[in-house]
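The values are calculated or read from the model by the stated rules, or taken from the named source; none is laboratory data. Given the structure is predicted, the values throughout are model-derived calculations rather than measurements. Backbone-built Cβ (ideal geometry, glycine too); neighbour counts: all protein chains shown. Protein only, heavy atoms only, side chains kept; ligands, DNA and RNA dropped before computing areas. Shrake-Rupley method; radii C 1.70, N 1.55, O 1.52, S 1.80 Å.
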Amino acid sequence: MHRQRNKMMIDYIKVLEQTSLFYGINGKEIEKIIKYMHARFVKYKKDEMVIGEGSVVNDIGILLSGSGRSIKREESGKVSIITILKPGSFIGILLAASKNRKSPVSVEAQEQLCVLFIPIKNFIADKACPKHSILLCNLIDAVAEKAMILHDRNDCLIKSTVREKVLAYLKRVAKEKESNTFNIPLDRNGMAEYINVERSALSRELSRMKKEGVIDYYKNSFKLL
């Protein structure tokens, strides 16, 4: 059991090393910082709520394992996906940095996951923290990174047609994967929710784009032609 926990910690540290928040800080130093800043690990079951809409967020969350999503539920029951969360994704970082602003979205686990939470006050108040100046600079980068993720999603939403929305999303994923052939992390329902169109309209447009030679696809695998 002890060996298993050590391996898990090593895996978590590797994830953190890849984030902008801990850029330029090695694994051993990250482990010390986690303890010093009173960070905590929290595990969630599938479909469990990580952040509830309307709640105040005071901690920066970093997804260490599993997958999740931030969503907005309308009164009609319609669900819109705001962001897709994977290991290394930030959770609530904009809210934590914005003085008691209530969350406009919910964050839920799509599978069992683990999140590291670090109190935002510990980044700002305690200058005795190891690597304090680096962490503060990295925090600004991390906030900007999250803002750009939301900007990319908004870029899909402002398109006027279903085809434009689909292409905006697929081109962004292709750019991230550095390949015109790639898998997307969403099923058809999720994709429709993410680009804010009806599932039936999405299916029709994908079929037309395939027939016209714009794209090819099989389930979640896509190719830009």
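A few remarks follow.
- Near pairs, Cβ below 7 angstrom, 6+ apart or cross-chain, from the stretch 41-55 (farther than 20 Å from E75 by Cβ) to any residue that is exposed (fewer than 13 other Cβ atoms within 10 Å of the Cβ): K46/E111
- Any hit, the stretch 86-96, residues being touching a residue at least 12 places away in the same chain (Cβ under 8 Å), over 14 Å from the mean Cα position of the chain (by Cα) and under 19 Å from M191 (Cα atoms): no
- In the set D141, D152, D126, only one residue is modelled with pLDDT under 85 and more than 26 Å from R73 (Cβ to Cβ); that residue is D126.
- Residue count for the stretch 176-196, restricted to those that are among the aromatic types (F, W, Y) and under 16 Å from D216 (Cβ atoms): 1.
- The residue that is surrounded by the most Cβ atoms within 10 Å (Cβ to Cβ), counting only those in the stretch 130-180 that are in a loop (DSSP other than H, G, I, E, B) and touching a residue at least 60 places away in the same chain (Cβ under 8 Å), is K131.
- Reported count of residues in the stretch 121-148, each being of a type in the set (V, I, T) and touching a strand residue (DSSP E or B) at 6+ places or on another chain (Cβ under 6 Å), is 0.
- For the stretch 20-36, the candidate set comprises residues that are under 19 Å from the mean Cα position of the chain (by Cα) and open to solvent by less than 50 Å² (accessible area, probe 1.4 Å); within that set, the residue that is nearest to P119 (Cα to Cα) is L21.
- Here G77 qualifies as at positive phi and either exposed (fewer than 13 other Cβ atoms within 10 Å of the Cβ) or more than 16 Å from the chain's Cα centre (by Cα) (or both).
- Residues satisfying the stated conditions in the stretch 37-74, i.e. within 25 Å of L135 (Cα to Cα), open to solvent by 30 Å² or more (accessible area, probe 1.4 Å) and of a type in the set (A, V, I, L, M, F, W, C): F41, V42, V56
- Pairs are defined by a Cβ separation below 6 Å, a sequence spacing of at least 6 or placement on different chains, a first member in the stretch 102-125 that is within 26 Å of I33 (Cα to Cα) and open to solvent by 20 Å² or more (accessible area, probe 1.4 Å), and a second member that is basic (K, R) and outside any loop (DSSP other than H, G, I, E, B); no pair meets this definition.
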